[in-house]
Structure formats: C-alpha cells, structure tokens
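Quick note: the coordinates plus some simple rules give every number you see, no bench work behind them. Just so it is clear, the structure is predicted and the values come from calculations on it, not from any experiment. Reconstructed Cβ throughout: ideal geometry from the backbone, glycine too, with neighbour counts over all protein chains shown.
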Amino acid sequence: MAEKVIECRELTKQFGDFIAVNKISFDVMKGEIFGFLGANGAGKTTAMRILCGLSYPSSGTAAVAGFDVYKQQESIKRNIGYMSQKFSLYENLTVTENIEFFGGVYGLPMQEIRRRSNDLIRTLGLTAEAKKLVGALPLGWKQKLAFSVAIFHRPRIVFLDEPTGGVDPVTRRQFWDMIYEAAASGITIFVTTHYMDEAEYCNRVTVMVDGKVEALDTPARLKQQYQADNMDEVFYRLARGAKRSAD
Amino acid sequence: MKQLLVFIRKEFYHVFRDRRTLLIMFGLPVAQIVLFGFALTSEVKNISLIIIDQARDVNSQELTGKIKSSAYFITDESVTDYNDIEKAFKQGTARCALIIPAGFGNDLLHGGSAPVQILTDGSDPNTAKTVVNYLTSIMTGYQQELSKTPPLRYLIQPELRMLYNEEGNGSLNFIPGVMALVLMIVCTALTSVSVVREKELGTMEILLVSPFRPLLVLVAKAIPYLVLSLANFLLILFLSVFVLDVTVKGSILLLVAESMLFITTCLSFGLMISNTTNSQQTALLLSMMGMMLPTMIFTGFMFPLENMPVPFQVISNIVPARWYFLIIKAVMLKGLGFGYVWKETLVLTGMMLATLGIALKNFKTRLS
Amino acid sequence: MKVLRFILRKEFRQIFRDKTILAMMFAMPTIQLIILPLAMNFDVKHVKVAVVDNDHSSYSRQLIAKVGASGYFRIVAAMPSVREAMQYIEREQADVVLEIPPAFEQQLIREGKQRIGVSVDAINGTKAALGGSYLVTVIGDFNRQITVNSTADPAAANTIAITFSNWYNPLAEYRFYIVPAILVLLLTLIGGFLTALNIVREKEAGTIEQINVTPIRKWEFILGKLIPFWVVGITVFTLGLAVAWGVYGIWPVGSFALLYTFAAAYLLAVLGFGLLVSTYTDNQLQAMFVAFFFMMIFMLMSGLFTAVESMPAWARAIAHCTPVTHFVKVVRMIVLKGSTFADVQYEFYILVFFALALNGWAILNYRKTS
C-alpha cells in the first residue's frame, strides 16, 4: 500500500449561499499523477486553493503531506509547489532572478540555488534568455519556467492549475514530459485540466460536476464504466447534467 | 451609435463595480468642505504667551490684565527667568514672550517712554507677525486710554463695505478652490488609469482590433467620468449652499456649463497622461502626486498669486484649475455673467482642445 | 533572516528596473522642493486700490497720496465714478475701492468729521480683513497728521516703546517655515503612495498567490516591502536637506543624528500606513484613492499651512492622531530651533507608537490564507 499524501474527507467550501465545493472526498498516493477534471466553475480551483493552504475550508477535513489544512497551512506550504492558472512569476525580473528569488524563499542556500539554476536553465534550453526579463518570453517558455520554479525546491507535491492553457500542442507535449519526469523523481502531481487528452496521461482522475466528485478512477476503468471510447465522452456524459454555467 | 452605447455601458460597469473608489471619490469633497469650512482658519488663535512681569506695578498689571482677557492668547506667568524662554520655545510649549522690565509704570507716567520687549518664535513667521500686531494694538489702546488725549479735531471715518460677502463668511474663497482641486485630481487620475489598465491587462488589444474609431474609444472611456465628475461638482455645490450657507449669486446654468468645460479639460489631461505612460503606477503617480501640489498652489486659493515671483505667475497660466477658479469666483460668488468670463472660458477651451489633440494623436500612433 | 535577504534583493531589483518610477521617486520631490516654497507666501502685500475722488481738493489728494505711499497698497486706477471703479473689482484687477465724496475737504474743515467709502472684495476673507485694517490704520494716521498740523502744541503722549525680535528667524521669512514642511510633505507622499501601490500591484498581477503559497513568513514579506522604500525615503530626505541648504540656505541648527532618528521612525510609520492601505484594497486605483484621501486630510490638518493651535478642539484632537502633525512640528523644531532629544522625546514616542501600530496592523491584516 502506497503512502497517502493527500487525504480529503467531505471537504466543503461555501461562499454565502453558493456551495463551491460540496463534500468531496478522495486520497492521492505518493508519486501519482492525479488529474482533477471539471467544467469551468465546477469548483476545481477552489478545492485546489484549500489544499494549498490559500483558503480556509468551510467544513470537512483534509490533510496534505500529513498536515491539517485548517491549522498547519504554513507546514503544508513548505512541502508543496504551486503553479496558478494565471502566470505569476515576476515579469520585470529576469529568468535567473525569478529562480533565485523563489529558491531563496523556500530557504535553499545560495550555492545550491546557483547549481540547480544552472542545470535548470541548461535543460530548459534557456541559456540565451537567462538574463532576459520573463515578461518578454513567449507563453510556452513562461509556462515551462513556471513549472520548473514550482518544483525547484523539490516539494513532495506540486499543484498545477490548468498549466497548459493557451499553449500549442508541441509545447503541451513537452510540458507533459516534464511532468512525467517530475513524477518519476517521486513528486506527486495534482493537476487540473479541461483538455481530455491530457486526462489520459494521468494515473487516476476525478471528475467534478457542480462542486461534487462524480467519478474517481483510472482513465481506463472510467472508459469501461461509461462505455466510452475516450475520456472526452466520459466527461461529456458526466458533465452534461451540470447546472452551473461556465463563469 | 448603438455600439458606442454598449461601450459606454461597459465603462460604467467598471466604475460602479469599484465601490471603494466611488466612496472615496465622493468622500473627498465632503471631507475637504468640512475641513476647510470648520477646521482650517488663517486666523491665529490660542497662542501660548509667556509674560515676565518684572515691574509688578499698577500699570504693568493693568496691561497684562488686558492681554489676558484677549481671546488670542493663552498666557503663562510661571516662567520668571529669561533663559527659560528659550527652553519653552525649543520644547514648543510657548510661541512668544512679553517682558515688562522693572520700573515700567514709573517710566510710562513720568519718563515719557516705557520699554517693553516682545520675543517670538520666528520658526512660524505667520504667527510671529500676528503676535506682534496683536500685542502692539493692545498696548496702543492701553496707552491711548492712559494719556487721555483730547479728541482729534479732524476725524475721517472710513465706512467699510464688504462686497459680495456681507456676513463675512470665511468659506467663500476656498469653495471654488476645492471644486477646482477635487475635480482636477479625480478626473485626471480616473481617466489616466482607465486606458493604462486596459494596456496592462492586455484588453486594449481587443479594443484596438474592434472596428471603433479611436475617437470613439476615447469618448466612451471619458463619458462615465464626465457624469461622475458632474455629480461630484453638484455635491460640492449642494454642500456649500446647505452646510456652509453660501449663496449662489449667478446663473447655475452657466456654472454647470463652465464646469463641464473644466471637467472635459481634466479628462483630456488624464487621457493624455494615460496615452503616454505604460503602467498604472506611473500614471497614478503622475496624475496624483505630480498634479496635487502644483494645482493646490498655482490655483491661487491658498497662496495669493500676485505674491509669487514673476516666472511662477507665468507658469500658473498653464494650470487649468487657475482659470476655472477665476470663472467660478466670478459667476458663483459675484453673480457676473458670461461677458465677464469669456476670456477665461476661451483659455480653458484652448487647453482642452490642445490636450485632447495630443491624446488622440498618441492614441492613433499606437494603433498603427 | 536568510529568506529576508532574498526578498530584499528582489524588491530592490524591481525598484531599480523601472527607470520611470525611479526618476519620479527622486526627481519629482527634488524639483517640487526647489520650486514650491518660492510660490508659497502668505504675506498680503500690495492690496490693489481703485480710487474715486469726487472732491479733487488738497486734502483728498493728500489722503490718496498717503494711501499710495503707505507700502501696503498699489493704486491701480483713478476713476470718475464708483460704477466704473467697481468694474475693476469685478475683473479682479482691484481689491478695494476707495471713494471720496464731493465737498470732502470743505465739510471736514467745517464739521470736523467726514465719511469716506471703502468697498472691499470680501470673497478672500484674509485679504479683505487685512486690506480693510491697513486702510483704517492709514486713515487714522492721516487724522492725527492733519490734527497735528493744524494745532499748535503737539501732545506729548506717554508711549510704550515696543521692541520685538523674532528668534530663529529674525526677518520672519517664510522659507524657514515652508521648506521643512514641504520636505515632510513630499516624503510622506512618496512613502505613502509607493507602498500603497506596491502590494496591490502584486495582487493585480497575481504574483501574490505565488508568494502566499510559499512558507514565507508574514513579517518577512512586509519587512521586505518596507526596507527598500525606507531606504528610498531616507535618500529623498537627504536630497531634500541638500536642496534646503543649497537653494534656501537652511542648515539644520540641531543635530543631524536626531533629525535622522526621527525621519527613520516617521518613515516607518508612513510606509506602514501605505502597506496597510495596500492590504485593504484590491486594485491600484483604489489604493491610490484611499491613500490620497487620508494623505489629504493628514496634510491639511498637520499644521503645514495653518497653525494647529488655531483649530477648534475637535480638529486639534484629530490633528494629534496623525503622525504627520508630529513630524512637521519636530522637523521645524530641530532644523530651525535646534531642539534636543529631551525637548522632543514625547513626539518621538508617539512616532514610534505609530510605526509599530501601523506596521503591526498591516502584518495582521495581510492574510496568506483567506
């Protein structure tokens, strides 16, 4: 039995009358690529923000890397990486400056940052751009850089919120290669997406509809269960009953 | 035309969604009216005065009695040593000191002339000058009382008439000033941000590829602020009339028309700033920090323009608020008609057209 | 502490990267400090008078000449009728109309009494009151003068001989009063506005999320924002002192160490205020407006332009609750009077209190988890 890195029971988040996340429960195992699917407004980002310690849940329990989401957010934060929907590195800092800053914030020593940063820039093929402002990079590079920064401090879990939005298919492919590599090194991947072909790359996926978890299994078994040829169809069957429109 | 309306509605949404900004926008004039109307006064009062009476005779006591009964001073007779005056000045506990030397009464009655000394803390020259004036006039009064000089043979009595302000309402001068200042700051800052924000957020590109003419985009951006500023103006007018008891002597219609002109000028200024800057931060710092002090100072409502060095009087001509201030004063407080303000109106119109032209030109270059 | 170093490096890099903002931070206050004090002068001199002389007698001419020579007035026009003279007031070309009635001299000699009309544009209250009282003084002198001239024995009056001296500023020049005030004002605006915009900017750009998801401590983050602007503020302050000395010849009488101690504490308070605004607002426009609103009130109440003592009690109470009031007072005291720490320690504790309270509040209100 693999180690559970995320345990989530009846987790709920309410904004006034609106229940964004409605009693969701699931576990994520160490080293897993865990897909979190759902239409826009289904509650994916809200759930993810709770797990990252950015937002308090209304009820239910959850533990991330063994720490409680109510009281130990700061301990959670030491063990995770996060890449938000919106590109959020500093556009007016250079590639190396961004890496150095985020590495430093996680308490890595300077020599270590330098060493890893050089490696990273080389593997990303950004040597020529290392001294350029991040704002000037093309979107695909920005996303790859953001992911690399999110796992730079070698967290136990990394949360990716629609990491490949607006990126071309080739870059997306490269991006997923990076994800696999990270998973192979032992980092648990928690990823939201609405590209169904990407869902196929995950070890297990949950499908959220109207704030609830409607399905949770491996892509293969879900296809079997819903007698579908691909994840697209699975998703369509589950999501068409959704009442919430896209936001 | 319908497209324009859609556009304007979008801009209105932006403005009304931000309740806090809206609140401040209307809170600003209210706070200013209250402060200028009730808190700030150029009159000098409650000045702490040290009296060292070394004479302690009938005359010196009569004199200090008169000073003590004056509303201007808070007197302190506990200090007896000359050296302690400096200490009090340095601690800021006293602003001035009056020293009546020994033998005051004797000198005054028999010697013909009795010296007294006034010391002031000159670090606030305004107060220092006023103190000397107040004390001098009290002493002159006492001296005249004492010498019982025969009434003057010839007496010219000036008959003072206060024009436009018989009640001596102290708020009159600053109301046009507050109007000019608030409108200038609010309009310029809001519009300057409105364009730059779209640039920062990247939504500008969507506008640029839309089939709108650049003029239309600018008009749509400006109209909500025009409406809000006008509401702001009416609020100040309302407060002036009902809270500060100011009577509007001239035509309201002319007042509103001139204000529209001024608001449009400020909006053009804002658009010009926003078209020449690239970040909200720069635009805001320019329009608020860069404009606030010059507007306050060169409008002429706090500091008389004619006292300034000539180059500044020339510079003040390019501050739109200055012209608006003159117009409002003439129309609202003096009840004069358009015939008296056409020159100022012309200047404002010229400024408006020039800035709008520059804004538009920059906007177009960005397009191509 | 190690983390703080990385935050500081990042903040400094960002500040120095934006050349426009950098220029604005240093050039704008310097230029304004050079220019504005010259323009801020409360003295009412040269009240403009339009005269209507309906008498054209020797006394009427003497009186007009005396008014003109008094130094307070400038005679801008002599008009045949009040109606025409009033046009000067309407066009702001005159402040006062002086009207001498027909048969002025005749009646003065026959009855010993005569009235003259003085009409003042009373919209500007200060100017009207001063102009009116100057005119009354001049006419009073004239009364005495013609009385003396026509009587044989000048009354030997018992006079009080008043001598006065203005300490620290013998000529009662405004620059000594205004320059330190403007310096404080600019420091306040720079510090307050820049910090108010700063965290909000990260909120708008979304980078704050990335920060909030790291194990950064709240005080580290706030301190990381505070220190760079504190350095900027101290630099602006130093530049300002240099301008005050170079342009206006004002060299602090008191100790520099004391001055900088106060500036350090005050800047912390102002920056804390800016950060606090920044934690409460959602976008830059909002932050700027909120900051501006309070700055405006602080500024007007601080005794910068009008003395705090003269305000009504409620306004004085508010004035004492703003750090600006205390700092303006102290800077004037140290720079002009050479006050020592013992003289101003009360103000120092107040400023330290503000610095701690505002920053503490900002840290408390900055939430990494919402």
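Computed over region A:155-217, the Cα gyration tensor eigenvalues convert (square root of 5λ each) into semi-axes of 20, 16, 10 Å, ordered from largest to smallest. Near residue B:48: Cβ cut-off under 9 Å, other residues only, Lys/Arg at +1 and Asp/Glu at -1. The net charge is -1. Look at the alpha carbon pairs under 8 Å that are at least 6 residues apart: their mean separation over the length of chain A gives a relative contact order of 27 percent. Based on the reciprocal of the average 1/r between different C-alpha atoms, the Kirkwood radius for region B:47-144 equals 13.6 Å. Only the Cβ atoms of Lys and Arg (+1) and of Asp and Glu (-1) were treated as charged; on that basis the dipole of chain C about its Cα centre amounts to roughly 1460 debye.
By DSSP, what percent of the beta bridges with both residues in the protein assembly as shown are antiparallel, rounded to the nearest 5?
Values: 29 of 85 bridges.
Once the DSSP bridges in the protein assembly as shown are tallied, antiparallel ones form about 35 percent.
So if R0 is 41 Å, what FRET efficiency would residue C:234 and residue A:228 give, r being the distance between their Cβ atoms, rounded to the nearest 0.05? Intermediate results must be reported in sequence, preceding the final value.
Details: r = 67 Å, r/R0 = 1.63.
Efficiency for this residue pair is about 0.05.
Ranked by how many other Cβ atoms sit within 10 Å of their own Cβ, fewest first, the residues C:292, A:67, C:26 fall in the order C:26, A:67, C:292. Label separation (residue B:234 vs residue B:3): 3.1 nm, computed from points 7 Å beyond Cα along the C-beta direction.
Global dimensions of chain B from alpha-carbon coordinates: Rg and Dmax equal 28.4, 96 Å. A crude spin-label estimate for the pair residue C:66 and residue B:117, with each label 7 Å from Cα along the Cβ direction, gives 3.5 nm. The Cα center of region B:302-368 and the Cα center of region A:72-95 differ in position by 50 Å.
Per-residue mean of foreign Cβ neighbours for A:92-104 is 4 (Cβ atoms of other chains, 10 Å radius). Taking N as the residue count of region C:174-365, its C-alpha radius of gyration divided by 2.2 N^0.38 Å amounts to 1.05.
Model label points for residue B:354 and residue B:110, set 7 angstrom from Cα along the Cα-to-Cβ axis, are 7.4 nm apart. For chain A, a Kirkwood hydrodynamic radius built from all Cα pairs, placed in the Stokes-Einstein relation at 4 °C and 1.567 mPa s, yields a translational diffusion coefficient of 69 µm²/s.
For region C:174-365, with only Lys/Arg (+1) and Asp/Glu (-1) charged at the beta-carbon, what is the dipole magnitude about the Cα centre, in debye rounded to 20? Each step should come with its number before you reach the end.
On the way: 10 positive and 8 negative charges, 54 e Å.
The dipole magnitude comes to about 260 debye.
Which helices count as membrane-span-like in chain B under these terms: full DSSP H, at least 20 Å along the axis by C-alpha, Kyte-Doolittle mean of 0.5 or more? Long hydrophobic helices here: B:19-34, B:174-201, B:214-242, B:252-276, B:338-367. Computed from the Cβ-Cβ distance with R0 of 35 Å, the FRET efficiency linking residue A:181 to residue B:13 stands at 0.15.
Fewest to most neighbouring Cβ within 10 Å: what's the order for B:38, C:6? Show your work: numbers first, answer last.
On the way: B:38 16, C:6 23.
The fewest-first ordering by Cβ neighbours comes to B:38, C:6.
Normalising by residue count, chain C has a Cα convex hull of 192 Å³ per residue.
Here the protein assembly as shown is assigned +1 on the Cβ of each Lys and Arg and -1 on the Cβ of each Asp and Glu. Its dipole about the Cα centre then comes out at about 2220 debye. Over region A:106-247, Cα pairs under 8 Å with separation of 6+ residues give a relative contact order of 15 percent. Straight Cα distances below 18 angstrom link residue C:329 to the aspartates and glutamates B:86, B:121, B:124, C:173, C:309, C:343, C:347, with same-chain residues fewer than 8 positions distant left out. Just how far, in whole angstrom, is region A:1-43 from region C:160-203 if you go by their alpha carbon centroids? A separation of 57 Å, based on Cα centres.
For residue C:83 and residue C:242, the difference between the fully extended length at 0.36 nm per residue and the C-alpha to C-alpha distance is 51.9 nm.
For region C:47-150, the C-alpha radius of gyration sits at 1.04 times the compact-globule guess of 2.2 N^0.38 Å, with N the residue count.
Taking 35 Å as R0, compute the FRET efficiency from the Cβ-Cβ separation of residue C:23 and residue A:119 and round it to 0.05. It comes out at approximately 0.35. Quick check on the protein assembly as shown: what does the Kirkwood estimate of hydrodynamic radius come out to from the alpha carbon pairs, in Å? Averaging 1/r across every pair of different Cα atoms and inverting gives 33.0 Å.
In the protein assembly as shown, the DSSP-assigned H stretches of four residues or longer account for a calculated mean residue ellipticity at 222 nm of -18500 deg cm²/dmol, using -39500 (n - 2.57) per stretch and the full residue count as denominator.
Bridgeable lysines around residue B:329 (alpha carbons under 27 Å apart, same-chain partners fewer than 8 residues away excluded): B:249, B:343, C:45, C:48, C:127. Under a 5 Å amide H cut-off, with hydrogens placed 1.01 Å from N, residue B:165 pairs with C:122 among residues at least 5 apart or on other chains. Cut-off 16 Å, label point 7 angstrom out along Cα-to-Cβ of residue A:59: give me the residues of region A:21-46 whose amide nitrogen falls inside. Within reach of a label on residue A:59: A:21-25. Restricted to Cα atoms, region C:262-370 shows a radius of gyration and a Dmax of 15.2, 50 angstrom.
Restricting the calculation to Cα atoms, region C:320-370 shows an Rg/Rh of 1.19 when the hydrodynamic-style radius is the Kirkwood one.
Going by C-beta contacts inside 10 Å, put C:321, A:8 in order with the fewest on the left. Each step should come with its number before you reach the end.
Details: C:321 13, A:8 24.
Starting with the residue having the fewest Cβ neighbours, the order is C:321, A:8.
Taking a quarter of the surface of the Cα convex hull of region B:228-368 gives a mean projected area of 9.9 nm². Considering only A:38, A:231, A:59, and ranking their Cα positions along the charge dipole of chain A that arises from unit charges at the beta-carbon of Lys, Arg, Asp and Glu, the one farthest toward the positive end is A:59.
For region C:47-150, what does the relative contact order come out to in percent, with C-alpha contacts under 8 Å and a separation of six or more? Provide the component values of the computation, followed by the final result.
Values: 147 pairs, mean separation 32.5, N = 104.
Computed value for region C:47-150: 31 percent relative contact order.
Distance from the Cα centroid of region A:228-242 to that of region C:70-84 is 92 Å (rounded to whole angstrom).
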